[in-house]
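Chemist: Mind looking over this structure? Questions follow.
The values are calculated or read from the model by the stated rules, or taken from the named source; none is laboratory data. Remember, predicted model here, so these are calculated numbers, not experimental data. Every residue, glycine among them, receives a Cβ derived from its backbone with ideal geometry; neighbour counts consider all protein chains shown.
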């Protein structure tokens with residue numbers, strides 16, 4: 001690739017950066033992550049991971065980024081007032097300056113719904129004037145159904161598809177790539193039969209009128225049935241209410257736990273999960289899975305593509321009884337777990353050469 005410099009305009013959270021994170025961390029891809037929503041500065045784990053790549057085109061951008069990185073109580077208070085005061089103060093001149101200095105080969109844009117704020121409308125006008133290649137980047141290995149790809153008001157964009165089963169909208173140009181970040185070894189997440197740590201992946205719960213919502217009863221059921229003596233590393237969905245989660249942990253009398261926005265580099269015995277696409281990353285790390293078929297899964301399984309992946313994974317529990325039998329016989333479950341079977345399912349549904357496909361497309 002002659003010029004592997006790109007600008008990525010980020011909205012809501014950093015999940016679209018996860019799409020090519022392996023390429024960013026190993027230096028194959030150079031990318032400036034342009035913060036378009038100041039609430040992104042509250043994502044402390046991502047801010048610390050990508051500190052050198054993040055650009056804040058707002059007043060006092062460099063100083064506020066340093067503050068966000070420090071993540072102490074005083075910094076959080078200042079950050080709260082800063083966001084409230086400057087949320088509509090995106091500076092186009094700063095964006096124009098970084099484009100001129102960085103000389104990017106192209107632009108990445110989040111493949112998600114983008115609110116029509118004053119700042120975003122101005123940003124759209126600016127991006128539409130740029131004579132650069134533009135790519136819409138997926139925010140997960142797959143969406144809730146084949147019709148979930150979100151189009152953008154930015155012109156001349158190539159939409160990258162994470163799955164084959166995608167319905168075209170208004171004949172937009174779509175390129176099927178897959179998901180490059182599976183098996184990202186640089187994160188140091190590994191299986192060990194001697195580990196006393198269990199990963200918990202929880203979806204948000206107790207929301208009204210949300211088909212992809214779980215219930216607090218699901219979370220409680222999992223927690224109270226985990227054997228004592230393990231350290232629980234809880235990686236919640238970005239939209240999960242952590243205060244509600246802590247209340248459930250308290251009521252379930254769970255003390256040895258850590259809530260982490262990202263799974264720490266470490267060795268783990270097992271991952272227990274409700275529905276989340278993060279399960280597929282754990283498959284690629286070859287960590288044993290115990291998955292409970294909650295209400296969110298029941299909705300997602302209406303899409304044959306999704307059902308054909310998750311329900312066939314080793315460790316998928318169709319009901320509470322199967323889950324209880326598995327967790328009560330954990331030693332037997334781990335000893336007989338087949339991670340290669342799960343890897344094969346992943347390989348049958350996503351191309352192994354997704355990273356090369358992606359790099360070839362954007363060059």
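Chemist: Being at pLDDT 95 or above, more than 19 Å from residue 329 (Cα to Cα), assigned by TED's automatic domain parsing to the domain that holds residue 259 and touching a strand residue (DSSP E or B) at 6+ places or on another chain (Cβ under 7 Å) narrows it down to one of 222, 234, so name that one. Outline the logic, then answer.
Modeler: Working: 222 fails: more than 19 Å from residue 329 (Cα to Cα).
Exactly one of 222, 234 is at pLDDT 95 or above, more than 19 Å from residue 329 (Cα to Cα), assigned by TED's automatic domain parsing to the domain that holds residue 259 and touching a strand residue (DSSP E or B) at 6+ places or on another chain (Cβ under 7 Å), namely 234.
Chemist: Quick one: is residue 65 closer than 21 Å to residue 104 by Cβ, more than 16 Å from the chain's Cα centre (by Cα) and either crowded, with 22+ Cβ neighbours inside 10 Å or in contact (Cβ under 8 Å) with a residue 24 or more places away in the chain (or both)? Show your work before the answer.
Modeler: Details: closer than 21 Å to residue 104 by Cβ: yes; more than 16 Å from the chain's Cα centre (by Cα): yes; either crowded, with 22+ Cβ neighbours inside 10 Å or in contact (Cβ under 8 Å) with a residue 24 or more places away in the chain (or both): yes.
The answer is yes for residue 65.
Chemist: State whether one or more residues within the range 211-229 are buried (at least 21 other Cβ atoms within 10 Å of the Cβ) and under 22 Å from residue 111 (Cα atoms).
Modeler: Scanning the range 211-229, I find no residue that is buried (at least 21 other Cβ atoms within 10 Å of the Cβ) and under 22 Å from residue 111 (Cα atoms), so the answer is no.
Chemist: Oh, and also: If I ask for residues that are modelled with pLDDT under 95 and part of a loop (DSSP other than H, G, I, E, B), which ones from the range 331-363 would you list?
Modeler: Across the range 331-363, the qualifying residues are 350, 351, 352, 353, 363.
Chemist: Could I ask something else about it? Residue under question is residue 240, and the condition is that it be under 25 Å from residue 348 (Cβ atoms), assigned by TED's automatic domain parsing to the domain that holds residue 323, within 18 Å of the chain's Cα centre (by Cα) and touching a residue at least 12 places away in the same chain (Cβ under 8 Å); does it hold?
Modeler: Here the answer is no, as residue 240 does not meet what is asked.
Chemist: Additional query: Only residues that are outside any strand (DSSP E or B) and under 25 Å from the mean Cα position of the chain (by Cα): list them for the range 225-237, please.
Modeler: 237
Chemist: Just the residues that are closer than 30 Å to residue 196 by Cα and either more than 19 Å from the chain's Cα centre (by Cα) or assigned to a strand (DSSP E or B) (or both), please, taken from the range 282-307.
Modeler: 288, 289, 290, 291, 292, 293, 294, 295
Chemist: For the range 241-256, give me the residue count where each residue is out of contact with any helix residue (DSSP H, G or I) (no Cβ under 6 Å at 6 or more places or on another chain) and either within 23 Å of residue 313 (Cα to Cα) or not in a loop (DSSP other than H, G, I, E, B) (or both).
Modeler: 9
So that you can scan it fast, the table gives a plain yes or no per residue for (1) on the phi > 0 side of the Ramachandran plot; (2) free of Cβ contacts under 8 Å to residues at least 60 places away in the same chain:
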{"site": "253", "(1), (2)": "yes, yes"}
{"site": "265", "(1), (2)": "no, no"}
{"site": "270", "(1), (2)": "no, no"}
{"site": "280", "(1), (2)": "no, no"}
{"site": "292", "(1), (2)": "no, no"}
{"site": "295", "(1), (2)": "no, no"}
{"site": "331", "(1), (2)": "no, yes"}
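Chemist: Filter the range 16-60 down to residues that are surrounded by 19 or more Cβ atoms within 10 Å (Cβ to Cβ), assigned to a helix (DSSP H, G or I) and either without any contact (Cβ under 8 Å) to a residue 24 or more places away in the chain or in contact with a strand residue (DSSP E or B) (Cβ under 9 Å, 6 or more places away or on another chain) (or both), then give me how many there are.
Modeler: Going through the range 16-60 one residue at a time, the tally reaches 8.
Chemist: Let me ask something additional. Show the residue pairs meeting these rules: Cβ distance below 7 Å; 6+ apart or different chains; first residue within the range 335-346 and over 18 Å from residue 269 (Cβ atoms); second residue part of a helix (DSSP H, G or I).
Modeler: Here the result reads 343/283; 345/309; 346/280; 346/283; 346/284, each pair linking the range 335-346 to a residue that is part of a helix (DSSP H, G or I).
Chemist: Taking residue 186, is it under 19 Å from the mean Cα position of the chain (by Cα) and touching a residue at least 60 places away in the same chain (Cβ under 8 Å)? Steps first, answer last, please.
Modeler: Values: under 19 Å from the mean Cα position of the chain (by Cα): yes; touching a residue at least 60 places away in the same chain (Cβ under 8 Å): yes.
Yes; evaluated as a whole, the condition is true for this residue.
Chemist: Another question, then. Could you go through the range 210-224 and let me know if any residue there is over 19 Å from residue 277 (Cα atoms) and part of a loop (DSSP other than H, G, I, E, B).
Modeler: No; the residues of the range 210-224 include none that is over 19 Å from residue 277 (Cα atoms) and part of a loop (DSSP other than H, G, I, E, B).
Chemist: Something else now. Would you confirm, using the coordinates I've provided, whether residue 267 is surrounded by 14 or more Cβ atoms within 10 Å (Cβ to Cβ) and assigned to a loop (DSSP other than H, G, I, E, B)?
Modeler: Values: surrounded by 14 or more Cβ atoms within 10 Å (Cβ to Cβ): yes; assigned to a loop (DSSP other than H, G, I, E, B): no.
The answer is no for residue 267.
Chemist: Pick from the range 113-136 the residues that are in contact with a helix residue (DSSP H, G or I) (Cβ under 7 Å, 6 or more places away or on another chain) and closer than 26 Å to residue 84 by Cβ: which of them is surrounded by the most Cβ atoms within 10 Å (Cβ to Cβ)?
Modeler: 114
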